[in-house]
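K.L.:
One structure, pasted below without further comment.
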Amino acid sequence: MEKELRVGIIGCGGIAHAKHMPSLAKLPQVSLAAFANRTEAKARQASSAFGSTDAQIYTDYRQLLEDRTIDVVHVCTANDSHAEIAIAALDAGKHVMCEKPMARTTEDARRMVEAAKRSGKKLTISYNNRYRPDSQYLYQVCRNGDLGHIYMAKAHALRRRGVPTWGAFLDKEKQGGGPLIDIGTHALDLALWLMNNYKPKTVLGKAFHQLGKQAHAANPYGSWDPAKFSVEDSALALITMENGATVTLEASWALNIVHEGAGKVTLCGTAAGADMWDGLTINGEKYGKLYTTRIHLQDAGVPFYKTVEESPAELEARLWIEAILNDSEPVVKPEQALVVQEILDAIYLSSDTGEAVSL
């Protein structure tokens with residue numbers, strides 16, 4: 001009989017309810033056995049919706065970590081607490097999935113990697129865009145060499161207006177930044193993963209504080225308070241890799257653009273190119289002519305019979321749990337997430353100094 005993994009959730013807010021808990025609850029090998037949140041009512045609500053019959057409730061995550069029956073912990077808290085909680089969980093003998101970004105700073109992210117090595121437990125970061133059908137397909141294309149040498153990439157995380165006005169999103173001390181560290185981190189991770197290139201050399205970046213200064217602004221989540229908008233509203237960066245390849249990263253919560261899209265990547269290789277803007281397309285040259293091929297990612301199936309569909313969040317959870325049970329590497333390796341964090345920090349530093357940053 002396959003081992004059942006007892007999972008504890010630390011931070012029972014929106015991302016835990018929207019992604020982590022419902023995906024884990026569908027796995028027969030998982031028992032959601034503990035919930036920690038500073039507001040007890042939120043922990044009880046999570047337990048009522050997803051918990052096992054013997055689930056425990058805590059207002060202090062350290063009490064959850066003392067439970068030796070808990071095998072796995074998912075950290076779904078604000079950025080400034082990721083490292084503290086993840087390191088404590090690893091040292092307590094738990095496998096850890098931590099929400100993105102990995103941490104608030106590179107130093108914290110590096111300490112997380114060291115804790116994983118020290119404890120011998122698995123650590124992964126929730127970069128769920130890797131599990132989308134278009135990302136999975138394009139990853140196979142890249143690994144097969146169909147694009148040739150990928151020497152130019154663009155990572156897009158653009159919202160025309162989409163400033164999250166709840167929680168700590170606008171608080172630089174707690175989050176470390178705005179759209180760059182919030183959604184830009186997803187696009188950057190996707191680009192590096194598809195390129196299989198984790199050796200950045202220089203970073204030149206600029207974070208903008210422009211539209212966040214406006215009061216009574218148009219925003220789907222309600223207008224923000226300019227006095228509390230302490231993070232950037234948009235950012236742009238050019239990353240040059242050791243092999244000469246480049247990645248352009250653009251991220252925004254508020255930017256005067258028409259075409260928007262988050263978690264999208266454009267790749268340019270010596271044999272072909274690919275982009276995610278209008279579905280997934282592959283472009284290139286064959287027999288002296290240019291071609292553009294759109295990839296159909298949805299299987300039509302047979303009428304009256306439902307096709308088996310697994311959401312990106314469900315695939316992420318399943319592969320993570322299987323990695324633990326099979327003692328294999330997780331899809332998102334902590335060392336990869338550390339490189340993403342190093343680049344993000346370098347962009348902020350470059351913006352502050354006006355100079356390119358060498359890594």
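The values are calculated or read from the model by the stated rules, or taken from the named source; none is laboratory data. Just so we're clear, the structure is a prediction, and the values are computed from it rather than from any experiment. With ideal geometry, Cβ positions are generated from the backbone for all residues, glycine too; neighbour counts draw on all protein chains shown. Protein only, heavy atoms only, side chains kept; ligands, DNA and RNA dropped before computing areas. Shrake-Rupley method; radii C 1.70, N 1.55, O 1.52, S 1.80 Å.
K.L.:
To the nearest 10 square angstrom, what accessible area does His17 show with a 1.4 Å probe?
P.N.:
The accessible area of His17 comes to roughly 60 Å².
K.L.:
Can you classify segment 112-183 as rounded, prolate or oblate using the Cα gyration tensor, where a ≥ b ≥ c are the square roots of its eigenvalues, rounded means a/c under 1.5, and otherwise it's prolate if a/b beats b/c and oblate if not?
P.N.:
Values: a/c = 2.44, a/b = 1.22, b/c = 1.99.
Cα axes put segment 112-183 in the oblate bin.
K.L.:
Can you flag which of Lys117/Lys172; Lys19/Lys94; Lys174/Lys264; Lys154/Lys201; Lys42/Lys117; Lys100/Lys154 are past 22 Å Cα-Cα? Provide the component values of the computation, followed by the final result.
P.N.:
Numbers: Lys117/Lys172 30 Å; Lys19/Lys94 20 Å; Lys174/Lys264 26 Å; Lys154/Lys201 17 Å; Lys42/Lys117 33 Å; Lys100/Lys154 20 Å.
Pairs exceeding the cut-off: Lys117/Lys172; Lys174/Lys264; Lys42/Lys117.
K.L.:
Rank by packing, highest mean first: peptides 350-358, 39-47, with packing defined as the count of other Cβ atoms within 10 Å averaged across residues.
P.N.:
Working: 350-358: 14.1, 39-47: 17.4.
Packing proxy ranking, top to bottom: 39-47, 350-358.
K.L.:
Further question: In segment 28-99, if every C-alpha pair distance is counted and binned at 10 Å from zero, what percent goes to each bin?
P.N.:
Distribution as computed: 21, 57, 22, 0 percent.
K.L.:
First check a/c for segment 139-275, with a ≥ b ≥ c the square roots of the eigenvalues of its C-alpha gyration tensor; if it is under 1.5, answer rounded, and if not, answer prolate when a/b is larger than b/c or oblate otherwise.
P.N.:
On the way: a/c = 2.74, a/b = 2.16, b/c = 1.26.
Prolate shape, in that a/c is at least 1.5 and a/b is the bigger ratio.
K.L.:
Please work out the FRET efficiency for the pair Ala215 and Tyr287, using the Cβ-Cβ distance as r and a Förster radius of 56 Å; give the result to the nearest 0.05.
P.N.:
Working: r = 58 Å, r/R0 = 1.04.
E(calc), rounded to 0.05, equals 0.45.
K.L.:
Also: Looking at segment 1-122 from every direction and averaging, what is the projected area of its Cα convex hull in nm²? Intermediate values should be presented prior to the final figure.
P.N.:
Working: hull surface 28.1 nm².
About 7.0 nm², averaged over all directions.
K.L.:
Would you mind computing, in nm to one decimal, how far apart the modelled labels at Tyr139 and Thr202 are, each placed 7 Å from Cα along Cα→Cβ?
P.N.:
In this crude label model, Tyr139 to Thr202 measures out at 3.2 nm.
K.L.:
Over segment 1-115, average the accessible area per residue using a 1.4 Å probe and give it in Å², no decimals.
P.N.:
On the way: 4950 Å² over 115 residues.
Using a 1.4 Å probe on heavy atoms only, each residue of segment 1-115 averages 43 Å².
K.L.:
With a 1.4 Å probe and every protein chain left in place, work out the accessible area per residue of segment 144-242 in Å², rounded to a whole number. Kindly include the intermediate steps, with their values, before the conclusion.
P.N.:
Details: 4360 Å² over 99 residues.
Accessible area per residue: 44 Å².
K.L.:
Hey, can you rank 226-236, 327-337, 5-15, 140-150 by average C-beta count inside 10 Å, highest first?
P.N.:
Values: 226-236: 20.4, 327-337: 17.5, 5-15: 22.6, 140-150: 14.8.
For the peptides 226-236, 327-337, 5-15, 140-150, the packing ranking is 5-15, 226-236, 327-337, 140-150.
K.L.:
Which peptide among 109-117, 49-57 comes first, and what is the full order, when sorted by highest mean count of other Cβ atoms within 10 Å?
P.N.:
Values: 109-117: 19.2, 49-57: 16.2.
Final packing ranking: 109-117, 49-57.
K.L.:
Taking a ≥ b ≥ c as the square roots of the Cα gyration tensor eigenvalues, with a/c under 1.5 meaning rounded and otherwise prolate when a/b beats b/c, else oblate, which class fits segment 94-215? All intermediate terms of the calculation are to be shown ahead of the outcome.
P.N.:
Working: a/c = 1.81, a/b = 1.17, b/c = 1.55.
In terms of gyration-tensor shape, oblate.
K.L.:
So what's the chain giving for Rg/Rh, alpha carbon basis, Kirkwood Rh from the mean inverse pair distance?
P.N.:
Details: Rg = 20.8 Å, Rh = 21.4 Å.
Rg/Rh: 0.97.
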